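Written out below as structure tokens is the structure these notes cover.
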There are 2 protein chains.
Amino acid sequence: MASSLIECVANFSEGREAAVVAAIERAIRSAAGGVSVLRSEMDSDHNRSVITFVGPPDAVAAGALRAIETAVERIDLRKHAGVHPRMGAADVVPFVPLEGATLDDCVAIARQTGEEVWKRLGVPVYFYEAAAKSPDRRLLENCRRGGFEDPRLAPDVGGPALHPSAGACIIGARKILIAFNVNLKTDDVQVARDIARKIRASSGGMPFVKALGLPLADRGLAQVSMNLTDFEQTPLHVVFDAVKREAAARGVEIAGSEIIGLIPKKALEDAAAHYLQCENFESGLVLENRLAES
Amino acid sequence: MASSLIECVANFSEGREAAVVAAIERAIRSAAGGVSVLRSEMDSDHNRSVITFVGPPDAVAAGALRAIETAVERIDLRKHAGVHPRMGAADVVPFVPLEGATLDDCVAIARQTGEEVWKRLGVPVYFYEAAAKSPDRRLLENCRRGGFEDPRLAPDVGGPALHPSAGACIIGARKILIAFNVNLKTDDVQVARDIARKIRASSGGMPFVKALGLPLADRGLAQVSMNLTDFEQTPLHVVFDAVKREAAARGVEIAGSEIIGLIPKKALEDAAAHYLQCENFESGLVLENRLAES
């Protein structure tokens, strides 16, 4: 395993033309230095795709730049329609630290990539989350409000006018995110909404937890759909137990849970150690971890 | 990560002279083909050491042979005393399949290593567990009864006389073993013994579970000390829940648990998925697993 690894979870405003997404993937894979594409998902309702790739910092930065370049060439937002909010052809590009990398490393890569995107492609850039240049730009939603009409909403690099066909690009750095849903044995979506409100950070619940209550109409269940933005501060098992406890308080059982996308092994190790009440757990007790170190 | 990995958990009858154990470790590391020593433990009461090493099959076989050779040269059982039963300088040498290897691969390595040990070192060999040549030799304890007085107890290779200073060597193949203890909030060791009897395979409990009740005098607790010999058949979390349930039935709480040695990641992934009630869990959802495959 390389000594330092970065992940990039790039979102593009194309979820219908498979050839375009394939071209972006090829561009990523063509980056020198060894980039692995771990996942590639297309959603035609959202008209959006998400490509997750991993590698050493320089290789991931090069892959991201090539991906953005291809998206700018192939995607014309003037012809684009979809239910998801979007601002650019290469819409949102966060860099995430994995083994041996820090959030600061990812901020540096995000900033450098942003400069290149404006200089080489003429696409203005907003920086968000840890890469934001001001506190009010940390939230992705706030960057989406940007535009050239209001100078306070101007891009961080380039502009103020957006690129005619490719809009702007929102580039950032963040910790790894866990998308985790808990399904409730009830068709009453209000129960899921109440639990979501109780546990999420924005309503005074647990820090680093975003949550929504949704209906799962096809299964006759309600779902608490969550993003955990810092599982080391607010662990997966703590969130699961909180949902279970809140559901029980409302007389509702858990039907099951789902992990969306990929989950870091540490979140599972921590959950196992918690439930097994393991007194001496540390990552080096795991055979495969010991092997990777040796 | 290599395409096929084997583990060897070699037990030597020397737990007091660090220089001897260090010489055995050096012999292992000198094997061609890349062997990693993951753990090395010495126990002076038992006068015994355990060295765990991993690598591609040929390299691990070569490392094991060199280790046995060094132990035969450096350890004289005629001068040996300790509380642990032992039969040889290189006492017990099991091979364990890890990624990409099967138990049959390990049987082949065990048999070949046994032939070499007799041919090159003049030390007779017993084969145990999956490498046993007859069902009554599968249990390690049965091999320990061996000796040259009774031809029915003769070694599988070489002999019938044991090596004058190095005795015999018991070589085998087995699945990976999880050593796991659960500590009970009681100083009544009988509770731990009752639970051990209830859950272990030998008294009609769960298959692939060995268990003993022990006092933890220094902490004023009782302990259910277990070996899980096939965690894929009888998972770690199933065993933990059974101990917890049996303890609760006796009005006793769990103080905590301990993992002894190393644990395969799959046992923890399975436990986490179980407790989190994850409907869609599979190993490929773990970021690091996906990376290793890519």
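The values are calculated or read from the model by the stated rules, or taken from the named source; none is laboratory data. As the structure is a computational prediction, the values presented were derived from the model and not from experiment. Cβ: placed from backbone, ideal geometry, glycine included. Neighbour counts: every protein chain shown. Areas reflect the complete protein model, heavy atoms only, side chains present, ligands, DNA and RNA absent. Shrake-Rupley method; radii C 1.70, N 1.55, O 1.52, S 1.80 Å.
Taking the Cα centre as origin and putting +1 on Lys and Arg beta-carbons and -1 on Asp and Glu beta-carbons, what dipole magnitude results for chain B, to the nearest 20 debye?
660
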If amide H atoms are built 1.01 Å from N in the plane of the peptide, which residues on other chains or at least 5 residues away come under 5 Å of the amide H of residue A:156?
A:125, A:126, A:127
Sorted from largest down, what three extents in whole angstroms do the Cα atoms of the protein assembly as shown have along their principal axes?
98, 55, 39
homo-copy label distances at residue B:227 (7 angstrom along Cα-Cβ), nm, one dp, ascending, are 5.0
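Plugging the Kirkwood radius over Cα pairs into Stokes-Einstein for chain A, at a temperature of 4 °C and a viscosity of 1.567 mPa s, what D comes out in µm²/s?
64
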Counting each DSSP H run of 4 or more residues in chain B as -39500 (n - 2.57), what helix-only mean residue ellipticity at 222 nm follows after dividing by all residues, to the nearest 500 deg cm²/dmol?
-10500 deg cm²/dmol
Shielded residues, the stretch A:1-40 - accessible-area loss of 10 Å² or more between chain alone and all protein chains, probe 1.4 Å
A:1, A:5, A:36, A:38, A:39
Across 10 Å bins from the origin, how do the percents of Cα pairs in the stretch A:1-46 run, short distances first?
21, 52, 21, 6
Taking a virtual spin label 7 Å from the Cα of residue A:187 along the C-beta vector, which residues in the stretch A:216-240 bring their backbone nitrogen under 19 Å of it?
A:216-224
Over chain B, what is the relative contact order in percent, taking alpha-carbon pairs closer than 8 angstrom and at least six residues apart?
14
If you project the alpha carbons of the stretch B:21-145 onto the principal axes, what extent comes out on each, in Å, largest first?
40, 35, 26
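Considering only protein heavy atoms and a 1.4 Å probe, what is the carbon-and-sulfur percentage of the accessible area of the protein assembly as shown?
Carbon and sulfur: 50 percent of the exposed surface of the protein assembly as shown.
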For the Cα atoms of chain A, what angle does the longest principal axis make with the long axis of helix A:265-275, in degrees from 0 to 90, nearest 10?
10
Any idea how far the Cα center of the stretch A:88-147 sits from the one of the stretch A:273-288, in Å?
36
Please give the helix A:57-74 orientation as an angle from the longest Cα principal axis of chain A, in degrees from 0 to 90, rounded to the nearest 10.
60
Estimated buried accessible area (total), pair A and B, 1.4 Å, Å² to nearest 100
3900
Ratio of the stretch A:215-294's C-alpha Rg to 2.2 N^0.38 Å, to two decimals?
1.34
When the distances between all Cα atoms of the stretch B:92-185 are binned every 5 Å from zero, what whole-number percent does each bin get?
3, 15, 23, 21, 16, 10, 6, 4, 2, 1, 0
When each copy gets a label point 7 Å from Cα toward the beta-carbon at residue B:207, what are the spacings between them in nm, shortest first?
4.9
On Cα atoms only, tilt of A:236-249 relative to the major axis of chain A in degrees
50
Answer in debye to the nearest 20: the dipole magnitude of the protein assembly as shown about its Cα centre, from +1 Lys/Arg and -1 Asp/Glu charges placed on Cβ, is 280
Looking only at Cα atoms, what is the convex hull volume of the stretch A:117-258 per residue, in Å³?
142
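One quarter of the convex hull surface, Cα atoms only: what value does that give for the stretch A:78-143 in nm²?
5.5
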dims of the stretch A:1-94, Cα set, principal axes, largest to smallest, nearest Å -> 41, 20, 20
Would you mind classifying the stretch A:249-288 by shape? Square roots of the alpha carbon gyration tensor eigenvalues, ordered a ≥ b ≥ c; an a/c under 1.5 is rounded, otherwise it is prolate if a/b is larger than b/c and oblate if not.
oblate
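Provide the per residue accessible area, probe 1.4 Å, for chain A, rounded to a whole number of square angstrom.
43
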Which of the pairs B:185/B:265; A:133/A:244; B:79/B:266; A:198/A:265 have their Cα atoms more than 31 Å apart in this structure?
A:133/A:244; B:79/B:266
Got the residue A:78 label distances to the other copies yet, label 7 Å along Cα→Cβ, in nm, shortest first?
9.7
